[in-house]
Amino acid sequence: MSTTSLPASLAGIRDEFLELPENERLQLLLEFSQELPAIPAALQDRADLYERVAECQSPVYIFVEVDAGSLVHMHATAPAEAPTTRGFASILAQGLEGLTAEEALSVPDDYPQSIGLTRVVSPLRIAGMTGMLLRAKRQIREKTAS
Amino acid sequence: MTVEFDSGSPKFGEYAHPGRLVTGDWLEQRLGQPGLVVVESDEDVLLYETGHIPGAVKVDWHTELNDPVVRDYVDGAGFAALLSRKGISRDDTIVVYGDKNNWWAAYALWVFSLFGHEDVRLLDGGRDRWIAEGRPLTTDVPAPAPTDYPVVERDDSTLRAYRDDVLAHLGKPLIDVRSPEEYTGARTTAPAYPEEGALRAGHIPTAQNVPWARAVAEDGTFKPRAELEAIYLGEAGLKPGDDVVAYCRIGERSSHTWFVLQHLLGFENARNYDGSWTEWGSAVRVPIVAGAEPGAIPA
């Protein structure tokens, strides 16, 4: 997968952040953290499916599902005391939701650095979101390899 | 000192500097008192926004205490600008609290101390205990009137150790506050923490391994002095008056231990090596010991 193109969903989220002055972007990230969907009931007892994102300081686990129609659904769980991490997961879960596997794999790896948060949350913290994205893409690759 | 010390706790009374800690009761009764500023400092940069102690201001170590370019803290002018913006005066009493048993709060306290801010205290038990005790939280962000905090140059010679200071210090006590896995060299990051880059694994020769969290009781507060002495003087072999350096990975967990050594146990010559393992473990030809034994100083 050598070409990259940004799906409209993630481009929209990026623009939402960039339209805000820097000091208001944390508030938007907080809103995202509050919108992180709960894990579907069918997946709640399936800790075995989830992968720990080691790049994040807080315990966050992701599971990316590629359904029968080859559409992507990312599920994530992170504690309430880790709102930054929840916000990152929520952006990716919302942004990847319903994309085809091919569209999701074309998301640029440096998307997290493009949404105007690097300075407000720090480069080290944004690296956690990059780790999350790369792991999600790897899961998609594994699940679509035949 | 602007605000009286918390003298209501028998546990605090046994510490070397009892005035460095306050309880939730003490703080809740004094919220809003002139001369008292509450500062929240967390690992998670958004946690403050989810709710904080009424009137508390946020100080983030990544984005506010660190210099954005050089691996260092802000300078005197930067610190003055930061504290002025937060509405803190030089003679204010500051109470810092935060997540993770006050890791980052202790780090902030240590940095404030480098600039000689005299009266900085920790809320015993930190953010989690405040919440567990059912005390008030708010999402209202205060807009303090800016102050005119003076420009004071940082003193890096008293509470801070650089790599060369540690090399010269070899032979005197060192406390490695990282996890046993990091100490032995099985890994270079805290368990479940991101890789922040160190090319070698292990510890500084002769360092005793006392993970920082051993200073904390189950409820998140600091252990009583007798228990701390059993750990640091008993097990780790420190002697009163020792010149001791603590280190971890980037200097934050060791700020917590530095606080214990300096303020709770009274080691007046305790220093924090903030370069810590991310510097030592990547520096060329500094001595390193791998394995569970402290090891010897190379001849």
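What the table below lists for this structure:
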{"read-out": "Test: residue A:131 is closer than 23 Å to residue A:144 by Cα and more than 10 Å from chain B (Cβ to nearest Cβ)", "value": "no"}
{"read-out": "Hits in region B:119-135 - residues which are of a type outside the set (Asp, Glu) and open to solvent by 10 Å² or more (accessible area, probe 1.4 Å)", "value": "B:127, B:129, B:131, B:132, B:134, B:135"}
{"read-out": "Condition broken by residue B:121, with the remaining ones in (1) in contact with a Pro (Cβ under 8 Å, 6 or more places away or on another chain); (2) part of a strand (DSSP E or B); (3) of a type in the set (D, E, K, R) satisfied", "value": "(1)"}
{"read-out": "Filter pass, residue A:20 being away from every other protein chain (no Cβ under 14 Å) and either free of Cβ contacts under 8 Å to residues at least 24 places away in the same chain or surrounded by fewer than 17 Cβ atoms within 10 Å (Cβ to Cβ) (or both)", "value": "yes"}
{"read-out": "Of residues in region B:244-273 being surrounded by 24 or more Cβ atoms within 10 Å (Cβ to Cβ) and β-branched (Val, Ile, Thr), the one nearest to residue B:226 (Cα to Cα)", "value": "B:260"}
{"read-out": "Elements of type helices (runs of 4 or more DSSP H) contained in region B:155-258, each with 2 or more residues being hydroxyl-bearing (Ser, Thr, Tyr)", "value": "B:180-184"}
{"read-out": "Among the residues listed as B:47, B:21, the single one being within 14 Å of chain A (Cβ to nearest Cβ), among the aliphatic types (A, V, I, L, M) and within 20 Å of the chain's Cα centre (by Cα)", "value": "B:47"}
{"read-out": "Residue satisfying all of: in region A:27-62; in contact (Cβ under 8 Å) with a residue 60 or more places away in the chain and open to solvent by 20 Å² or more (accessible area, probe 1.4 Å); farthest from the other protein chains (Cβ to nearest Cβ) among these", "value": "A:51"}
{"read-out": "Lone unmet requirement of (1) surrounded by fewer than 20 Cβ atoms within 10 Å (Cβ to Cβ); (2) under 14 Å from the mean Cα position of the chain (by Cα); (3) not small (Gly, Ala, Ser) for residue A:91", "value": "(1)"}
{"read-out": "Pair list, Cβ < 7 Å and 6+ apart or interchain, from region B:8-24 residues that are more than 19 Å from residue B:96 (Cα to Cα) and modelled with pLDDT under 95 to residues that are in a loop (DSSP other than H, G, I, E, B) and not polar (S, T, N, Q)", "value": "none"}
{"read-out": "Every residue from region B:36-78 that is assigned to a helix (DSSP H, G or I), open to solvent by less than 30 Å² (accessible area, probe 1.4 Å) and more than 30 Å from residue A:88 (Cβ to Cβ)", "value": "B:76"}
{"read-out": "Residues (within 14 Å of chain B (Cβ to nearest Cβ) and either more than 21 Å from residue A:141 (Cα to Cα) or of a type in the set (A, V, I, L, M, F, W, C) (or both)) located in region A:91-115", "value": "A:91"}
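The values are calculated or read from the model by the stated rules, or taken from the named source; none is laboratory data. Since this is a predicted model, take the numbers as computed values, not measurements. No Cβ is skipped: glycine too gets one built from the backbone with ideal geometry, and neighbour counts run over all protein chains shown. Only protein heavy atoms, including side chains, enter the accessible area calculation; ligands, DNA and RNA are left aside. Shrake-Rupley method; radii C 1.70, N 1.55, O 1.52, S 1.80 Å.
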